[in-house]
Amino acid sequence: MIRLAVISGKGGTGKTMVTAGLAALNPRPQLLADCDVEAANLELLLSARQVHATPFEGAETASIDPDRCWGCGRCAELCRFGAIAIRDVVAVCEPRDCEGCGLCERVCPSGAVALVPRTSGVVYQSATDCGPLSHAQLYPGNGNSGLMVQTVKRQAERSADPADLLLIDGPPGTGCPLISTVSGTDAVLVVTEPSLAGLHDLRRVIGVCRRFDPRIFVLINRWDLDRETAARIEAECATLKVPVVGRIPFDPAVIAAVRAGRPITTTDSPGSRALAGCWEALRRELSLA
Ligand code: SF4
Ligand code: SF4
């Protein structure tokens, strides 16, 4: 099975629109994973139907037993995240501020503190017309997004359905969720746009991907909005020896399809035809049937 992640160096490039379109274009059995766990929305474009939901316990938090606490204040004094306050001679932990480092548990003289699992999101399995979709929602303010991405990928791969392709909608940026997404993939498609920020972030994300050795391809979305910068991106890709496999023009039909919550490939438009050309190029490069 080929593992292909659609990623972008920055948000707003149209990455999820591209992923949904590729999913709809692939006629062969495939598995889908949305690893943009902080803002997952592939399910909206694929009209996903939820099959099951599992709480995600990615981190621990301090729990203080008020019956054993002496109120000595040692934990509050040493917690560098300010997560503990003393109220009425009893320590109270604010889970939102706790990083789960465990220092309070170690220093407490009365054994009142224990680290307990914290539910920091939900992992979903859904059905779509394009194949089973694994996705998740990380609750605001919670960490461990990289671990959650791994959980989403593992759940997708455990599917009993045979498949030639695992198609992943990755997160934007170059942080922990991206690294977790790219590790173990065979190929990545970087979606960029013709702007200086797009060019800058494209360089950064290619640099990160090169540490993991997937094949790297580039797609320029809305390329005709700034042809000069699009040409600079193409020249940069040639220098970096990264093939540009698609150029999607600005197309109001794309915006209309996204607003309607359906893949762009369900319409006949310049954007849809350009994405179909990109899929053909990727299919050939990755030897997909
Ligand atoms: S586990 Fe660490 S961050 Fe959380 S309350 Fe204890 S000392 Fe503070
Ligand atoms: S260190 Fe232990 S006994 Fe002291 S305030 Fe904190 S929880 Fe209570």
### Query
Regarding Thr229, is this residue touching a residue at least 60 places away in the same chain (Cβ under 8 Å) and either more than 19 Å from Asp169 (Cβ to Cβ) or in a helix (DSSP H, G or I) (or both)?
no
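So that you can scan it fast, the table gives a plain yes or no per residue for (1) in a helix (DSSP H, G or I); (2) of a type outside the set (A, V, I, L, M, F, W, C); (3) in contact with a His (Cβ under 8 Å, 6 or more places away or on another chain); (4) crowded, with 17+ Cβ neighbours inside 10 Å:
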| site | (1), (2), (3), (4) |
| --- | --- |
| Gly146 | yes, yes, no, yes |
| Val149 | yes, no, no, yes |
| Ala156 | yes, no, no, yes |
| Ala160 | no, no, no, no |
| Ala163 | no, no, no, yes |
| Pro177 | yes, yes, no, yes |
| Val188 | no, no, no, yes |
| Pro194 | no, yes, no, yes |
| Gly198 | yes, yes, no, yes |
#### Entry: Complete set of residues in the stretch 1-15 that are modelled with pLDDT of 95 or more and either in contact with a Lys or Arg (Cβ under 8 Å, 6 or more places away or on another chain) or of a type in the set (S, T, N, Q) (or both)
Val6, Ile7
### Query
Out of all the residues in the stretch 81-90, which are within 37 Å of the chain's Cα centre (by Cα) and more than 7 Å from ligand 1 (Cβ to nearest atom)?
Gly82, Ala85
### Message
Anything in the stretch 91-119 that is part of a strand (DSSP E or B) and either more than 14 Å from ligand 1 (Cβ to nearest atom) or in contact with a Lys or Arg (Cβ under 7 Å, 6 or more places away or on another chain) (or both)? List them, or say none.
### Response
Thr119
### Query
Which one is nearest to the chain's Cα centre (by Cα) among residues in the stretch 200-226 that are part of a helix (DSSP H, G or I), farther than 20 Å from Pro171 by Cβ and of a type outside the set (Asp, Glu)?
Trp223
### Query
Do you know which residues across the stretch 87-106 are under 12 Å from Thr61 (Cβ atoms) and more than 10 Å from ligand 2 (Cβ to nearest atom)?
Glu94, Pro95, Arg96, Asp97, Cys98, Glu99, Gly100, Cys101, Gly102
### Task
Identify the single condition in (1) within 24 Å of Val191 (Cβ to Cβ); (2) within 16 Å of ligand 1 (Cβ to nearest atom) that Leu31 does not satisfy, given that it satisfies every other one.
(2)
### Task
Mind listing whichever residues of the stretch 62-86 are more than 9 Å from ligand 2 (Cβ to nearest atom), in contact with a strand residue (DSSP E or B) (Cβ under 6 Å, 6 or more places away or on another chain) and over 18 Å from Arg118 (Cβ atoms)?
Ala85
#### Entry: Hits in the stretch 48-80 (condition: within 8 Å of ligand 1 (Cβ to nearest atom), farther than 30 Å from Tyr124 by Cβ and not in a loop (DSSP other than H, G, I, E, B))
Cys75, Leu78
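Let's see how each residue does on (1) touching a residue at least 60 places away in the same chain (Cβ under 8 Å); (2) closer than 24 Å to Glu38 by Cβ; (3) assigned by TED's automatic domain parsing to the domain that holds Ala33:
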| position | (1), (2), (3) |
| --- | --- |
| Asp186 | yes, no, yes |
| Val205 | yes, yes, yes |
| Trp223 | no, no, yes |
| Pro252 | no, no, yes |
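The values are calculated or read from the model by the stated rules, or taken from the named source; none is laboratory data. Everything numeric in this text was worked out from a predicted model, so none of it was measured. Reconstructed Cβ throughout: ideal geometry from the backbone, glycine too, with neighbour counts over all protein chains shown.
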